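Colleague: Mind looking over this structure? Questions follow.
All of the numbers you see were taken from the coordinates with simple rules; none came from a lab. Computed from a prediction, not measured in an experiment: that's the story for all the values here. All Cβ positions, glycine included, derive from the backbone under ideal geometry; neighbour counts span all protein chains shown.
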Amino acid sequence: MGVSAQKNRINLAIAVWEWPSYFDPAEKLKGIRLDMAEYRRPDPATAPSKSKAAGLYMICTISKHAAEAKGYADALMLDWRGRVAEATGANVFFVKDGELHTPVPDCFLDGITRRTVIDLAKRRGLIVNERVIMPEEMAGFEQCFLTGTAAEVTPVSEIGPYSFAVGEIARTLMADYEAEVMPATAVAAE
C-alpha cells in the first residue's frame with residue numbers, strides 16, 4: 001500500500017451480473033424525482049473526470065444517499081462552476097420547443113448511453129444542443145430525462161422546485177433505446 005505504486009503487481013478481476021433498471025419501473029414511467037445535490041462535480045484539473053473512477057463516485061454516493069433520505073430517487077449535480085452537470089450516475093437531457101438540450105461533458109463522463117441517445121435523437125431529426133445549462137434555465141424546460149447504463153432512458157418529473165412532463169420525446173427515445181439495445185426483447189414483446 002502506498003501513494004507511489006509504480007512497482008506494485010496489478011491484479012484484474014471482472015465481475016458480471018444481471019442488473020435490472022436503476023430505478024423502480026412504476027416510478028420510471030411516471031417520471032422520477034430528483035433533489036438538488038449539496039456537493040458539486042469537481043474541477044477536471046483535480047481528477048480524471050472523463051473516466052469511471054471509484055473516487056469520483058464518492059461524491060455521487062453521498063449525494064444519492066442524501067436524496068433518498070429525503071424521498072427522492074436521485075440528485076442532480078452541478079459542476080464546480082455552478083452549471084448543470086449530471087445526476088449521480090447518469091447524464092441529463094432537457095426538452096424545450098422540440099429540441100434536446102444537454103450539458104457539455106467537460107467535467108463529467110460522456111456516457112456511452114448518452115452518445116447512443118444523441119444518435120437516436122438525430123436519426124429522428126431532433127436537434128441536439130450540447131451546451132452550458134444554468135440551473136435557473138430548468139424553469140423553462142418542458143421535459144427532462146436521464147441516460148446511463150443502469151438508468152437506461154428514465155423520464156424525470158421533478159428536480160427540486162422544477163417540474164417536467166413525461167412527454168412524447170422522452171417516451172419515444174426510451175422506446176428507441178430499448179429497441180436498439182434489446183432488439184430480441186422488443187421483437188418478442190410485439
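Colleague: P(r) for region 25-189: what percent of alpha-carbon pairs falls in each 10 Å bin, starting at zero?
Modeller: 11, 42, 36, 11, 1
Colleague: Once the cut-off is 16 Å, how many percent of the Cα-Cα pairs in region 52-103 end up in the long-distance tail?
Modeller: Of all Cα-Cα distances in region 52-103, 49 percent exceed 16 Å.
Colleague: Can you check how the C-alpha radius of gyration of region 1-116 compares to 2.2 N^0.38 Å, as a plain ratio?
Modeller: 1.23
Colleague: Using Cβ counts within 10 Å as a stand-in for footprinting exposure, how do Leu100, Leu120, Leu34 rank, fewest first?
Modeller: Numbers: Leu100 22, Leu120 18, Leu34 25.
Taking fewest neighbouring Cβ atoms as first place, the list is Leu120, Leu100, Leu34.
Colleague: If we count chymotrypsin sites (Phe, Trp or Tyr not before Pro) as exposed when they sit in a DSSP loop and have at most 16 other beta carbons within 10 Å, what is the longest stretch of the chain that avoids them all?
Modeller: The segment 81-190 is the longest one with no such site.
Colleague: Here's another thing I want to ask about it. Which Cα, out of Gly140, His65, Leu120, lies furthest along the positive dipole direction of the chain (beta carbon charges, K/R +1, D/E -1)?
Modeller: His65
Colleague: Related question: Could you work out [θ]222 nm for the chain from helices alone, using -39500 (n - 2.57) per DSSP H run of at least four and dividing by all its residues? Round to the nearest 500 deg cm²/dmol.
Modeller: -9000 deg cm²/dmol
Colleague: Sticking with this structure for a sec: How tilted is helix 168-181 with respect to the longest principal axis of the chain? Cα atoms for both, answer in degrees (0 to 90, nearest 10).
Modeller: 60
Colleague: Still on this model: Could you compute Rg(Cα) / (2.2 N^0.38 Å) for region 89-135, with N its residue count?
Modeller: In units of the globular-protein estimate, region 89-135 measures up at 1.09.
Colleague: Further, regarding this structure: Evaluate the charge dipole of the chain about its Cα centre and quote only its size in Debye, nearest 20, assuming +1 on the Cβ of each Lys and Arg and -1 on the Cβ of each Asp and Glu.
Modeller: 700
Colleague: In addition: Compute the helix-to-body angle for 54-69: its Cα long axis versus the longest principal axis of the chain, expressed 0 to 90° and rounded to tens.
Modeller: Between the helix axis and the principal axis of the chain, the angle is about 50 degrees.
Colleague: Still on this structure, please answer the following. Given the options Val95, Leu12, Met174, identify the residue whose Cα lies farthest towards the positive end of the charge dipole of the chain (+1 on Cβ of Lys, Arg; -1 on Cβ of Asp, Glu).
Modeller: Among Val95, Leu12, Met174, the one farthest towards the positive end of the dipole of the chain is Leu12.
Colleague: Of the residues Asn91, Asn129, Asn11, which exhibits the maximal mean-square fluctuation in a Gaussian network model of the chain defined by a 10 Å Cα contact cut-off?
Modeller: In the Gaussian network model the winner is Asn11.
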